[in-house]
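> Sending over a structure as structure tokens; questions will come in a sec.
The values are calculated or read from the model by the stated rules, or taken from the named source; none is laboratory data. Note that this is a predicted model, so its numbers are computed, not measured. When we count neighbours, we look across all protein chains shown, and the Cβ atoms used for this are built from the backbone with ideal geometry, even at glycine. Accessible surface is based on the protein model in full, side chains and every heavy atom, while ligands, DNA and RNA are left aside. Shrake-Rupley method; radii C 1.70, N 1.55, O 1.52, S 1.80 Å.
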Amino acid sequence: MISFARIKAVFLKEMVQMRRDRPTFAIMIMVPIMQLGLFGFAIDTDPRNMPAAVELRDDGPLTRSFLASLRQSDYFRIVEIVHSLDEGESLMKAGDISYLIVIPENFERDFVRGDRPQILIAADASDPVAAAGPIAAANEIARRAFAPELERLPRKLRGGAPPVELVIQRQYNPAGETSMNIVPGLLGVILTMTMIMITAIALTREVERGTIEALLSTPVRASEIMIGKTTPYILVGAIQATIVLIAGRIVFHIPFVGDLAPFLVAMTLFIFANLMLGYLISTVARTQMQAMQMTFFIFLPSILLSGFMFPFAAMPGWAKAIGEALPITHFLRIVREVMLKGAGFSEIRGEIWPIALILAVLALASLARFRRTLD
Amino acid sequence: MSGNGPVIDVRGLTKKFGTKTVVDNFDLSVPKGAIYGFLGPNGSGKTTTIRMVCGLLKADAGAGAVLGLDVLKESDKIKERVGYMTQRFSLYEDLSIRENLEFIARLYSLDNLKGRVDASLKSLGLSDRAKQLAGTLSGGWKQRLALAACMIHEPELLLLDEPTAGVDPKARRDFWDAIRDYSAQGVTTLVSTHYMDEAVQCDRIAFIAYGKKLIDEATADIPDKVGLFARRIEAGDLDDATRRLKSVGGYDVLARFGAAIHLAGRNDAALDRAAAAIEGLPGVQIERIDAGLEEAFIYLMTGASDNFANGFANGAAA
Ligand SMILES: Nc1ncnc2c1ncn2[C@@H]1O[C@H](COP(=O)(O)OP(=O)(O)OP(=O)(O)O)[C@@H](O)[C@H]1O
Ligand SMILES: [Mg+2]
């Protein structure tokens, strides 16, 4: 029933039109760069030499090598070795330190056993954005410090999850959690904005230009138009994501801890879901103007209720319900898990299927809305 | 499947937009290989009817078959075998001529894509401009491209909605020669037009006004059917003669044909009375002629708009 040749026809046509529409194409590429640039100016992107105190509840070669790495990195400046949490906290309250790093009891033993001991990093998150860089860097510092030790461990304990767990505790501004994730969050927001916008005019443009009449007079099916008109833009989304990730790395020093594969799967699904959301809009909107208005109508909850702006956990029930129905909410969780915490497929499965489900529902709704007549 | 039955056979087609009935209980039967003219004043429902025939609009009422397929239920299959040329240019202005043709050819899953597109470009005479964007073509060339596009899959039925609007006389002749060739090969054509020189080339004509079919006859029989009498009037001062005729009245159609006035009406005696008003003026010559197609259609359109105006007035009064 569905003809691959006809999907290809629509696909190729969209590709040519996209290539010809230079201004739009340029905007698609410029948007992520501009957004990152804006944040780049607003944020002290590269805080160095942040004063820190360390509390050592264990001692040994591992602990010392971690301490040495901390000292070497120019993110942290160790100003005190404290002997109790209280001592550290009073220093932080006084503003003498921004970070308190605690190596727990039995750290050496647990590490060797492969029990993934936790290192606590308490951060003064009252300037959450400034806090983000060093916290992200701490991950990398720990990885480097423990790499040689890891070599000596039995093979079965190597690979997989990182050997230690960094527990980040934000003091004074628990909501600072979102800001830490500004770049991953930005990736979700940029993809939401541009992908929905692109396909929201997919059909309305044909209606407004009158080309829909010739198109519908051919044997092409609704599903073929839908697939042919959405899939070309996955490529655009992938280009945008690459720009954000590379810039995030270079400008914001956001590490990419996890595997690329689960991330790519999630991202492709997410881009596709947004394209489908836009496409659904284009089956409803009569004019491009209407399509744009509906697109903005989607943006608001995507930014406010997805956990990008406000922490998801703190939202009221109804807001959470709306948030869960948005693809970006799930994507943000995935990106954070994968990028910052190194989660793999099994950890993010619970967020991937909701995106797939949303995609399927949107596709079916679009097909139901699509009229193959001009009425 | 359809054998020798009519290629279009629809009955009672009705289309409403809101409360306005745009096509009202429309019947049409077009035999295979025919060139069927579709005439009527602006806004009379021609485009709407053609769209219903090819499945682009859902009829509110009516039934029928196109190419032996159910017009309401089997529009997918109908679309494969019909070539519809839209009144408004509806190809992609930001695609080149070749890309447009390739796109359409792919949608019909045609084999030998390149060969077909090349052949189409050649017959259009556009081979060396194949890379030009369709949007940069002149109006007449756009029409010719659209026509080529709707024929690329060699349809059995052509639905052409004012295909030659804005096309130069030479190209129009070529176009009609081509239509007659197709007709000889068994291709059926339903073509809407406002040009009389094209209407006379049709085997049969359906005339529609404000959604209602007024006439459906072999082209040659239409003047008789309408029952008009006519005079051809020459005068030294045509403008003066026109003014005087208008002040007398009694005719249904007064139209300039080159250097003469054609006066037509259903009442022969009234025509004589009108003519008497200008007899004897310098250069006046009055000659009885047979009413032609154009007088007939002008008469029909005048009557139709009168009916419409009356209906409108009644509606407003009610
Ligand atoms: N989508 C629509 N919604 C509302 N009214 C419509 C729509 N399409 C057509 N009409 C109305 O239907 C009537 C018939 O239109 P149609 O285009 O069929 O006329 P036409 O005979 O093709 O005229 P023309 O010779 O100017 O092309 C017009 O009054 C038009 O305004
Ligand atoms: Mg029309």
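> Nearest 100 Å², what total accessible surface is buried between chain B and chain A (probe 1.4 Å)?
2600 Å²
> Using only the Cα atoms of chain A, what are the Rg and Dmax in Å?
Computed over the Cα atoms of chain A, radius of gyration and Dmax are 24.3, 80 Å.
> Right, here's the next one. Need the full-extension length gain, A:Lys8 to A:Leu374, defined as separation in residues times 0.36 nm minus the C-alpha distance. One decimal, nm.
Contour length minus Cα-Cα distance gives 129.4 nm.
> Report, by chain and number, residues whose modeled amide H sits under 5 Å from the one on A:Ile168, excluding near sequence neighbours (fewer than 5 apart, same chain).
A:Ile121
> Let me ask something else. How big is the charge dipole of the protein assembly as shown about its Cα centre, in debye rounded to the nearest 20, if each Lys and Arg gets +1 on its Cβ and each Asp and Glu gets -1 on its Cβ?
780 debye
> Sorted from largest down, what three extents in whole angstroms do the Cα atoms of region B:8-222 have along their principal axes?
Cα spread of region B:8-222 along its principal axes, largest to smallest: 47, 36, 34 Å.
> Leaving ligands, DNA and RNA out of it, report the carbon-plus-sulfur percent of the accessible area of region A:178-374 at a 1.4 Å probe.
Accessible surface attributable to carbon and sulfur in region A:178-374 totals 72 percent.
> In addition: What's the magnitude of the charge dipole for region A:178-374 around its Cα centre, counting Lys and Arg as +1 and Asp and Glu as -1 at the beta-carbon? Answer in Debye, nearest 20.
240 debye
> Using only helices, what value at 222 nm comes out for the protein assembly as shown when you add -39,500 (n - 2.57) per DSSP H run of length 4 or more and divide by the total residues, to the nearest 500 deg cm²/dmol?
Value at 222 nm, helices only: -16500 deg cm²/dmol.
> Among the lysines, which fall within straight-line cross-link reach of A:Lys93, defined as a Cα-Cα distance under 30 Å, with same-chain neighbours fewer than 8 residues apart omitted?
Within reach: A:Lys341.
> A further question follows. Would you mind telling me the share, in percent, of accessible area of region B:120-259 contributed by carbon and sulfur at probe 1.4 angstrom?
Roughly 48 percent of what the probe reaches on region B:120-259 is carbon or sulfur.
> Can I ask one more? For B:Ala178, put the label point 7 Å out on the Cα→Cβ axis and report which residues of region B:55-88 keep their amide N under 14 Å from it.
Backbone N within reach: B:83-86.
> Counting partner chain Cβ atoms within 10 Å of every residue's Cβ in B:82-89, what's the average?
Across the residues of B:82-89, the mean count of other-chain Cβ atoms within 10 Å is 4.
> Taking a probe of 1.4 Å, how large is the accessible area per residue of chain A, in Å²?
Using a 1.4 Å probe on heavy atoms only, each residue of chain A averages 45 Å².
> Just going by the charge dipole of region A:1-41, with Lys and Arg at +1 and Asp and Glu at -1 on Cβ, which of A:Leu36, A:Ala26, A:Phe4 is farthest out on the positive end?
Comparing the listed Cα positions along the dipole, A:Phe4 ranks first.
> For A:Glu324 and A:Val284 in the same chain, what is the full-extension length gain: residue separation times 0.36 nm, less their Cα-Cα distance, in nm?
12.1 nm
> How large is the convex hull of the Cα atoms of region B:113-170 per residue, expressed in Å³ as a whole number?
95 Å³
> Looking at region B:67-175, which GluC sites (Glu not before Pro) are in a loop (DSSP not H, G, I, E or B) and have at most 11 other Cβ atoms within 10 Å?
none
> Can you work out ³J(HN,Hα) from phi for every residue in region A:318-328, in order, using Karplus 6.51 cos²θ - 1.76 cosθ + 1.60 and θ = phi - 60°, giving whole Hz and x for Gly and Pro?
Listing the rounded values in order: 5, 5, 4, 4, 5, x, 4, 7, 9, x, 5 Hz.
> Taking a spot 7 Å from the Cα of B:Lys122 along the direction of its beta carbon, which residues of region B:84-109 have an amide N less than 17 Å from it?
B:98, B:102
> Which entries in the list A:Lys229/B:Lys131; B:Lys46/B:Lys213; B:Lys15/B:Lys142; B:Lys15/B:Lys46; A:Lys8/B:Lys114 go over 20 Å, if you measure between the two C-alpha atoms of each?
A:Lys229/B:Lys131; B:Lys15/B:Lys142
> Taking the alpha-carbon set of the protein assembly as shown, what are its Rg and Dmax in Å?
Reported Rg and Dmax, both Å: 37.6, 131.
> Given N residues in region B:229-290, what is Rg(Cα) / (2.2 N^0.38 Å)?
Dividing the Cα radius of gyration by 2.2 N^0.38 Å gives 0.95.
> Please compute the average number of Cβ atoms from other chains found within 10 Å of each residue's Cβ in peptide A:217-228.
Counting other chains' Cβ atoms within 10 Å and averaging over A:217-228 gives 4.
> What's the magnitude of the charge dipole for region B:8-222 around its Cα centre, counting Lys and Arg as +1 and Asp and Glu as -1 at the beta-carbon? Answer in Debye, nearest 20.
Dipole about the Cα centre, nearest 20: 440 debye.
> Can you pull a Stokes-Einstein diffusion coefficient for region A:178-374 at 10 °C (1.306 mPa s), Rh from Kirkwood over Cα pairs, as a whole number of µm²/s?
Approximately 92 µm²/s, per Stokes-Einstein.
> Kindly tabulate the residues in region B:106-121 with an accessible-area decrease of at least 50 Å² between the chain alone and the assembly of all protein chains, using a probe of 1.4 Å.
Buried by the other chains: B:Arg106, B:Leu107.
> Let me ask another. Mind pulling the angle between the C-alpha long axis of helix B:293-317 and the longest principal axis of chain B? Nearest 10 degrees, somewhere in 0 to 90.
That works out to roughly 90 degrees.
> Now for a different question. Could you state the angle between the C-alpha long axis of helix B:169-184 and the longest principal axis of the C-alpha atoms of chain B, as a value from 0 to 90 degrees rounded to the nearest 10?
Computed tilt is about 70 degrees.
> Accessible area per residue of region B:229-290 at 1.4 Å probe, in Å²?
55 Å²
> Another question, then. Taking 8 Å as the Cα distance limit and 6 or more residues as the minimum spacing, I'd like the relative contact order of chain B as a percentage.
18 percent
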